[in-house]
Amino acid sequence: MKRLLLFLVLITCVFGMVFAAGGKEQAAPADGTELSFWTFQDLHMSFYEKMAKMWNEENPDRKIIFKPEVLPFEDMHTKLLVSLQAGTGAPDMVDIEIGKYPNFLKGNVQLIPLNDVIDPVRDKFVTARLDIYSKDGQNYGLPFHVGASVIFYNTEILDAAGIDPYDIKTWDDYMEAGKIVKQKTGKPMATVEVNGQWSFWPMIAERGSDLVDADGNVILDNETNIKTLEYLKELLDSGVAVAAPGGNHHAEEYYGFMNDGGAASMWMPMWYMNRFTDYMPDLSGKILILPMPRWTPDGKRSAGMGGTGTSVTNQARDVELAKDFLMFAKGSEEGNLVIWEDLGFDPPRWDVWDNPRMNASNKFTEYYQNDSIFGMLLEIKDEINSVNVKEKLPAVIDRINSSVMIQALQQQTKSPAEALREGADLAR
Amino acid sequence: MKLKQTIGAAKITPYVFIFPFIASFLIFYLYPIISTIIMGFQQVYPGQVTFIGLENYQKLNNPEFKVALTNSFRYTMYTLALLIPIPLLLSVWLNSGNKTVNTLYRSILYVPTLISVVVAGTIMRLLFASSNKSIVNTIAIALGAEPRQWLLGGPHQAMILLLILALWRWVGVNIIYFLSGLQAIPDELYEAADIDGASPSQKLWRITIPLLKSTTIFVTTISIFGGLAMFEESYILWSGTASPNNVGLTIVGYLYKKGFQEGEMGMASSIGIVLLVIVFTISISYLKIFGFFKTEDKR
C-alpha cells in the first residue's frame, strides 16, 4: 500500500512538472501584454525597444512588455518559416528581410494584413515600399526605409591619390579614378561582393534593369545585366577592385579590412550607414557619402533596395495591439524620425523628409563628412529606381550568391554571360 | 491476486516489454516515413496542400541536385579512404606497447568526438577566415606562402577543409571500434606467428586485418551512412549561407535548403525519399557483396 502511495505521489510530481513547464505564463494586465519579436539585426532590436518605451508612456492603458530576440539571419528565417507552417512557436511580431519575404507569401499567408492601420496615412508613404511586402492588395509588412543606394568614399585614400570624389560622374570616370588610386596608393578603389548581391543589384537597378520583371519573370540574364557584370569583372581584372574579404560586405573580415583603410570606396544602399558607424569606428570623419556614379550622362544615380518588412504573425497573442504598436513604431511621424536618428535609414514616410530634425546633429552627421546627408538624398529623390519583389526573387538571389558571382568574378570559370544565363535558368 | 497473474502471464509479458519500442517506432519512425512518402507527391504550403503527382521528382532533375549528389558521393568516398586505414593503423599501434601511455593517447584522440560539430565548425571557419590575420593565413605568411580565401576557393579546397574536419572528429570513434575488434583476437595467434618467425607486416596482413573483417564492415557501413547524410559540417563552415559555387552543397543540405529555407516541404520530402533509396541500395548491396549476412548465418 505504502509503495503504491509513493508511486502515485511520484507520478503526480512528474506530471505536475511537465505541465508547469508547458503552461503559458499569464501576464497580469497591470504590467501590460507580452509582445515577442524576432529580428536578425541587433540595431533593429534597439529601435523597437526604444519605441516600446515611448508607446508605454503614451498608452498607459495598453502597455506592452516587449520581448525581443536577435537570431542569426538564416536561422531566424528558417525558424520562422517552420513555426508558421507548424502553426505554433512563432513570435507576435517579426522582421523579415526582403529577399526572403516572398517565401512567406506562399499558400495561405500566415501574416496579418495591415491595410486598416496603414490606410489613414497611406498617401504619406513612398507606396512602392509598401507594395514590396504585399500580395493581392494586402499589405503584410511595414518597411524601415527607402534604401537608396549610395557610394561611400574614404577621402583619406582619395586625397592621397589626388582624386576629387565630386569629379567622378560616371562609372567610366570611376574606373579611371580607380586606376590612379591603385597606382598611387597601391590600394584598391572598391570592394565587390562575390557571394552577395549588393554590388550587382544596385548597379543594374540604377540602369533600369532588375532581377525579376514586374510580372515576376526572371530577367537575370538580360543584355544590361550581362554588360554590368562585365564591368564588374573588368574592375576586378584591372586591380581597381578586389573581392570583398569574406566574400561580402557583411563579413567580420570585411569590417576589419575596411576599418584599416583597405579600399577607397564601396557602394551599398543607405542602410549600410550604421554598419560604418558601429563596426568601423576608425573611419570616423573620413567617409563621404555621394550618389552613385551614372551609367550614361543623363542616367539615374540611385536605386532603392533591400529592406526589412516587419510583420505581425497570425499567432500573435493580441493581434490588434501588435498592429497598433507596429504602426506606431514604423508608421508614425515620430517613429520615422527615430528611424533616421537612431538607425540612419532614409524613412519611408516622405512627409518627414523636410522636418528640421532630419538635419539635426546625431551620430551619423558626426561620423560622415557630408554637411547634410539628407540634403544629398533629397537631391536624388527623383532618381531612385525601385526593384520588383516577386515569388522567384529568393531563388534568383540564392543563385547570385551561391554561383553567379563566384563563377564570373572570383573563380572566373565562366564568362559573365554564361554565369548569368545558367543562374537564370536555375531560378526559372 | 488475479491481476498479478494476468500481468505475469507468459503471453502478455513480452508485449509489455517491447511496447515502449513499438510505440516509439510507430510514432517517431513509421508515421514520419509514411507521411514523408505522401508529402513527396504534394505541394505543401501553409494551409494549402495540393497533390501534384511526380512533379517534385521531375524537378529534381536539375544541375544543382546533381552537384549535391556528386558532392555527397565524393565526400563519402574520400572519408572511406581516410577513415578506415588511418584509425586501423592507429589502433594497432595503440594496442601494442605501454598501456598507460596508450590510454592517454586514446583519450586525446577520442576527445574531438565529444565536441559538437557546430562548435568545431565555427572554430574551423575562424581558423580559415579570409583575413590576413586568421591563424592559418598567418602561418601561411610566416612560411612565405600567399594568404588565401580558404572558404571561397574552388571545390578541391572546400573538400579538403571538410575532410580535415571529418578526420579530426571521427578518427577517435573508429579507433574505439577497431580496438574492441583487436582485443577479441586471441594472443595465441600472434605467439604462434612469432614462433614461425613472421615479420610485423606479415602479422598485420595475415592475422590482424582478416580477423578484423566484421569490424571493418561495420565501420564502413556507418561511414557510408555518415558520409551521405553529411550536412552540419558544410552548413556551419559557410555559416548557413549558400557555399560559393555550391562546393559544400550535399544531399541533406539541398533538402534543408528546399524545405526550411525556401518553404518547399513537398520537394524536400521527395529529396528525403531519394536519399533513403540511395542509402538503402548501397548498404544492402555492400553487405551482400562482403557476405555479411552469410557469416552471421554460419556462426
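Counting only residues that are more than 9 Å from chain B (Cβ to nearest Cβ) and of a type in the set (Ser, Thr, Tyr), which one in region A:378-420 is nearest to the chain's Cα centre (by Cα)? So the residue we want is A:386.
Close Cβ contacts (under 9 Å, 6 or more residues apart or on different chains) running from residues in region A:405-428 that are at positive phi to residues that are open to solvent by less than 60 Å² (accessible area, probe 1.4 Å) comprise A:412/A:233; A:412/A:236.
When B:51, B:41, B:65 are checked against the criterion of being in contact with a Phe, Trp or Tyr (Cβ under 8 Å, 6 or more places away or on another chain) and open to solvent by 80 Å² or more (accessible area, probe 1.4 Å), a single residue qualifies: B:51.
Quick check, is residue B:98 modelled with pLDDT under 85, touching a helix residue (DSSP H, G or I) at 6+ places or on another chain (Cβ under 6 Å) and over 30 Å from residue B:247 (Cα atoms)? Answer is no for this residue. With respect to the conditions (1) open to solvent by less than 40 Å² (accessible area, probe 1.4 Å); (2) free of Cβ contacts under 8 Å to residues at least 40 places away in the same chain, residue A:137 falls short on a single one, namely (1).
Please count how many residues of region A:338-366 are in a helix (DSSP H, G or I) and open to solvent by 10 Å² or more (accessible area, probe 1.4 Å). Matching residues across region A:338-366 total 10. Counting only helices (runs of 4 or more DSSP H) wholly contained in region A:210-328, the ones carrying 1 or more residues that are crowded, with 18+ Cβ neighbours inside 10 Å, aliphatic (A, V, I, L, M) and within 14 Å of chain B (Cβ to nearest Cβ) occupy A:223-237, A:252-259. Here region A:367-383 is the region considered, the condition is being without any contact (Cβ under 8 Å) to a residue 40 or more places away in the chain and within 22 Å of residue A:286 (Cα to Cα), and the residue that is least open to solvent (accessible area, probe 1.4 Å) is A:374. Of B:68, B:81, all but one fail to be within 14 Å of chain A (Cβ to nearest Cβ) and at pLDDT 90 or above; the exception is B:68. All conditions in (1) β-branched (Val, Ile, Thr); (2) open to solvent by 30 Å² or more (accessible area, probe 1.4 Å); (3) within 22 Å of residue A:147 (Cβ to Cβ) hold for residue A:400, with the sole exception of (2). Quick check on my filter: what residues within region B:48-89 are under 30 Å from residue B:216 (Cβ atoms), of a type in the set (S, T, N, Q) and touching a Leu at 6+ places or on another chain (Cβ under 9 Å)? Residues satisfying the conditions are B:71, B:72, B:76, B:79. When you check residue B:212 against the structure, is it open to solvent by 10 Å² or more (accessible area, probe 1.4 Å) and more than 14 Å from chain A (Cβ to nearest Cβ), yes or no? So residue B:212 does not fit the description; no. Taking the criterion of being closer than 19 Å to residue A:422 by Cβ and in a loop (DSSP other than H, G, I, E, B), the only residue of region A:200-209 that qualifies is A:209. Among the residues of region B:254-270, those that are away from every other protein chain (no Cβ under 11 Å) and closer than 23 Å to residue B:152 by Cα comprise B:254, B:255. Residues in region A:37-55 that are closer than 19 Å to residue A:319 by Cβ and not small (Gly, Ala, Ser): A:37, A:38, A:48, A:51, A:55.
The values are calculated or read from the model by the stated rules, or taken from the named source; none is laboratory data. A quick note: this is a predicted structure, and the numbers were derived from the prediction, not measured. Cβ atoms come from the backbone with ideal geometry, glycine included; neighbour counts cover every protein chain shown. Side chains included, ligands, DNA and RNA excluded: accessible areas come from the protein's heavy atoms. Shrake-Rupley method; radii C 1.70, N 1.55, O 1.52, S 1.80 Å.
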